[in-house]
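Accompanying notes for the structure given below.
What follows is calculated from the coordinates using simple rules that are stated; it is not laboratory data. Because the structure is predicted, anything quoted here is derived from the model rather than measured. Positions of Cβ are backbone-derived with ideal geometry, glycine not excepted, and every protein chain shown enters the neighbour counts.
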Amino acid sequence: MMRVEPILLEGHTAIAIEVKLPKTTLLVITTDKGYIMCGALDVGLLNERLRDRNIVAARATGVRTIEELLDAPLESVTYTAEDLGIVAGMTGREAILKMM
């Protein structure tokens, strides 16, 4: 099952995506500039092999819902996300607002 819905944050709209898979759930919140995702995101791959794409992305681990993804501290971020002021330790909500 897949669920897609808008999320309103301080007057801005992001899109939340939840994909139920066997034994796991993929969680993503995206904007026009970038996205945050659950632990399935490979930030190392984005930073190393796909660096030329300048992807703005961040990862939070141990989350099971969209709300938890918003509230969790980010575990890792891409280099391009860092250029926007997004750093490990900030919440997903703070990162999404910087991506607006």
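Straight-line cross-link partners of LYS98 among the lysines, defined as a Cα under 22 Å from its Cα and at least 8 positions apart when in the same chain: LYS33.
Counting only Cβ charges, +1 for Lys and Arg and -1 for Asp and Glu, the dipole size of the chain around its Cα centre is about 300 debye.
Placing R0 at 35 angstrom, the Cβ-Cβ distance between ASN54 and MET1 gives a FRET efficiency of 0.60 after rounding to 0.05. Each residue of the stretch 47-52 was assigned a 3J(HN,Hα) from its phi angle through the Karplus curve 6.51 cos²θ - 1.76 cosθ + 1.60 (θ = phi - 60°); the sequence is 6, 9, 6, 10, 4, 5 Hz, with glycine and proline shown as x.
Along the stretch 60-72 the Karplus relation, 6.51 cos²θ - 1.76 cosθ + 1.60 evaluated at θ = phi - 60°, assigns HN-Hα couplings of 10, 9, x, 9, 10, 9, 4, 4, 5, 4, 5, 8, 6 Hz to successive residues, with x for each Gly and Pro. Ranking TYR79, ILE29, VAL63 by how far each Cα lies toward the positive end of the dipole of the stretch 29-79 (charges on Cβ) leaves TYR79 at the top. Here the sum of -39500 (n - 2.57) over DSSP H runs of 4 or more residues, divided by the residues of the chain, equals -5500 deg cm²/dmol at 222 nm, to the nearest 500. Evaluated over the Cα positions of the chain, the convex hull gives a direction-averaged projected area, one quarter of its surface, of 6.0 nm².
In the chain, the DSSP beta bridges split such that about 85 percent are antiparallel, to the nearest 5.
Take the Cβ atoms of GLU10 and ASP32, set R0 to 25 Å, and the FRET efficiency comes out at 0.95.
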